[in-house]
Amino acid sequence: MQTFAEAGLSTRTLTALSAQDIDIPVPVQVEALPAILRGEDCVIEAPTGSGKTLAYLLPLVEGIGAQRIGPRALIVSPTRELALQIAEVLETLDHGVRLATLYGGVGYATQTNALKKGVDVVIGTPGRLLDMIGKKLLSLSRVEYLVLDEADEMLDAGFAPDVERIIGMTYNPQTILASATMPEWVEKLISKHLQDPVRVKVAATADDNTLEHGLVQVERANRLRVLGQLLQQLQGTAIVFGRTKHGVHDLARDLRRMGIDCAELQGNLSQNARDRAMAAFRDKRTPVLVATNVAARGLDVSAVTLVVNFELPDTPQWLTHRIGRTARMGEKGWAVTFLSPEDHPRWRKLQHLGAPKLPVLDVDHLLDEGGWRYHEGRPEPVVSENRTQRPAGHNSRRGRWQPRRPGRSSTAR
């Protein structure tokens, strides 16, 4: 399949794609579209930003009409932001079907009214879906097409009971699982809920040199200062990941005190506050987003220059999702993972579980010149204690993030 037309898509759908200058299918769409259009179950494992969303939405708009009582299609997402993003992509396809997007953190009125009017497609998070089912505002008995986006998290221990309940309320729908990672423990659930699925796996390309990822080894007491200096010389946008809601809130506060314009994204914020933070970051009005893992999955933010793991994630999969925010669709991107002496046992555990071996960055060179040079032969670069803090907006001599030595890319995306 070389074009979308060869897949047999309707003129209406082709016109909607062309209006967005989407003319040639990307690899994940080439592999997945024919099978899904034939009505087969499918497991899609592909990097973030590779085109998975269109791979399952195009068959949906081709097969779901407004002639029958619904909903006939259900897309389940782990986060509100991802649910809204999927809905936005669907709206660009000139689909002509009735849509309800259901997620928590907001009132019920708008979502309830949409369901009462009748819908063909529902996109939602597990908690709000079950809430609406419990209120007898939603039935899944007519669902013919089921998508679990970010399927590894949807089937993880925290979500699994709710997702199992949701799946149990459907009656043998065509089922699509999509994610950037598909751990082995998902396999038994795939066997349970999918019928002879087609497997589509598109790996991140390791030879395109689009991603540079290295370790920053620094004492815990110095991490905030080093982070501030990195961000002050950054031209572009950055996402800084922390582990907890309170930690992210405090880190964003501390960065603002250093004169760094940043927004925060974490679960204690209201939906309106989360929407404002994401809008400001997407529009590049705010160059830095400080976030928990809620920003690590699925969110479509173009041209993120830098990802910083200020705190280590819990699993290699979360590392992959975090780093997947940069170096997308052939664009160059950079990532740094902070490592304090106290973090070494956890980092060794992550590597044992599959995290990549990363080069150690020469932090002095990175801070002084904005260059990207690896520190050969010294396991723990020392950050000078007498370096003065640069004022906000300072640009290095190199003027932007770029690799000092090309060709040393990581496959962790």
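Derivation of every value follows stated rules applied to the coordinates shown; laboratory data play no part. The structure presented is a predicted model; accordingly, all values stated were derived computationally and were not measured. For neighbour counting, all protein chains shown are included, and Cβ atoms are generated from backbone atoms with ideal geometry for every residue, glycine included.
At a glance:
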item	result
Three-way shape call for segment 5-201 based on the alpha-carbon gyration tensor, with the a/c threshold at 1.5	oblate
Fewest-first ranking of Arg80, Arg223, using other Cβ atoms within 10 Å as the exposure measure	Arg223, Arg80
Order of Val121, Val248 - criterion: other Cβ atoms within 10 Å of each residue's Cβ, fewest first	Val121, Val248
Equivalent ellipsoid semi-axes - Cα gyration tensor, segment 211-369, angstrom	22, 17, 16
Relative contact order (%) - criterion: Cα under 8 Å, at least six apart; region: segment 123-182	44 percent
Residues Glu91, Glu150 arranged by fewest to most Cβ contacts within 10 Å	Glu91, Glu150
Cα pair distances in segment 221-312, grouped into 10 Å bins until the bin that holds the longest one, percent each	17, 57, 24, 1
Segment Asp261-Thr244, extension gain: residue separation times 0.36 nm, minus the distance between their alpha carbons	4.1 nm
Environment charge of Thr286, counting only residues whose C-beta is closer than 12 Å and scoring Lys/Arg +1, Asp/Glu -1	+2
Relative contact order (%) - criterion: Cα under 8 Å, at least six apart; region: segment 211-369	34 percent
Dipole in debye (nearest 20) - segment 5-201, about Cα centre, beta carbon charges: Lys, Arg +1; Asp, Glu -1	960 debye
